[in-house]
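What follows is one structure encoded as structure tokens, with my remarks underneath.
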Amino acid sequence: MERQIIRIDEDKCDGCGLCAKGCPEGALQMIDGKARLVSEITCDGLGACIGECPRGAIAIETREAAPYDERSTLDQILPLGANTLKAHLKHLGDHGQTAFLDQAHAHLAERGIAIPALGHQGCPGSAPRVMAPRPAAPTRDLTSQLSQWPVQLHLIAPHNPAFHQADLLLAADCTAFAMPDFNQKHLPGKKLAIACPKLDGNQEVYLAKLTALIDEAQVNSITVMIMEVPCCAGLLRIARMAAERAGRKVPVHLVVVGIDGEVRREERVA
């Protein structure tokens, strides 16, 4: 059957082992200094390991693979202890996999194993949080600072004249929703591209397009704006890889945004 499953780029993998630690299902193991997918039936394709990989060596692709088997996964997890079981169940819940979660509960009940009380142990970027509302800013006339269309990176054409010798703002999807002043403070004077390094597919296209924006559109600079959650760092990795691969050299700046909408850090990274 066709389903989403992870793919590992062995050339990029440096053997750090973080992805294997972030895979409670045990589908990833470190073998001969490289991350290996050792069990297709226990890989759920949800990508918790992607946010753990500092080298951008893991991606999700759609291909023929054996169906995911929740019962087989649990049989591998149970000998590893209560904390691993908790992490697995929370991982399913955080990603809305209610059917697999129901299968897990049924399997545990059949084996006479109590369902553990759960705190959040899945992807840190998916942890639910409640924030107190802040006072609204005084009413004022607001105008959009967007100066080109489209904005999604998959849809952008590097030969679009709007990008010629422009300053590019490459923003993670969530940033504009978190920041009250995104449009007025961070977008003026820049052309915009948005992407999600965790959920968007076919990210090789992103690398090719950013490289073309540097070499063909001759953008002056790239500002990468990401959220503080770990999985968002993938967008910075793609931008830095494009900057290294391109024939021209352009400065790359980083802006890290907290979930409260405040800028946590700004720096030049290339």
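Laboratory data are not the source of any read-out in this text; all were calculated from the coordinates shown. Just so you know, these numbers come straight off a predicted model, no measurement behind them. Here the Cβ positions follow ideal geometry from the backbone for every residue, glycine too, while neighbour counts run over all protein chains shown.
Of all residues in region 23-53, which are touching a strand residue (DSSP E or B) at 6+ places or on another chain (Cβ under 8 Å), closer than 24 Å to THR98 by Cβ and not hydrophobic (A, V, I, L, M, F, W, C)?
Within region 23-53, GLU40, GLY45, GLY47 qualify.
Say we look at region 56-84 and pick out the residues that are surrounded by 15 or more Cβ atoms within 10 Å (Cβ to Cβ), free of Cβ contacts under 8 Å to residues at least 40 places away in the same chain and aliphatic (A, V, I, L, M); which of these is nearest to ILE113 (Cα to Cα)?
LEU78
Any residue in region 165-194 that is more than 18 Å from LEU236 (Cα to Cα) sitting within a Cβ distance under 7 Å of a residue that is of a type in the set (Ser, Thr, Tyr)? List the pairs, counting only those 6 or more apart or interchain.
Matching pairs, first to second residue: PHE182/THR175; ASN183/SER144.
Working only within region 3-58, note down all residues that are assigned to a helix (DSSP H, G or I) and among the small types (Gly, Ala, Ser). Can you show your working first?
So in region 3-58, the residues assigned to a helix (DSSP H, G or I) come out as 18-21, 40-42, 50-52.
The answer is ALA20, GLY51.
Identify, by number, the condition in (1) in a strand (DSSP E or B); (2) surrounded by fewer than 22 Cβ atoms within 10 Å (Cβ to Cβ) that ALA243 doesn't meet.
If we test ALA243 against (1) in a strand (DSSP E or B); (2) surrounded by fewer than 22 Cβ atoms within 10 Å (Cβ to Cβ), just (1) comes out false.
Take the residues in region 183-229 that are farther than 14 Å from ILE156 by Cα and among the hydroxyl-bearing types (Ser, Thr, Tyr); name whichever of them is nearest to the chain's Cα centre (by Cα).
THR223
Yes/no matrix, rows are residues, columns are (1) out of contact with any Gly (no Cβ under 8 Å at 6 or more places or on another chain); (2) surrounded by 17 or more Cβ atoms within 10 Å (Cβ to Cβ):
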residue	(1), (2)
PRO158	yes, yes
HIS164	yes, no
ALA172	yes, yes
PHE182	yes, yes
LEU187	yes, yes
ALA195	yes, yes
GLY201	yes, no
MET225	yes, yes
PRO230	no, yes
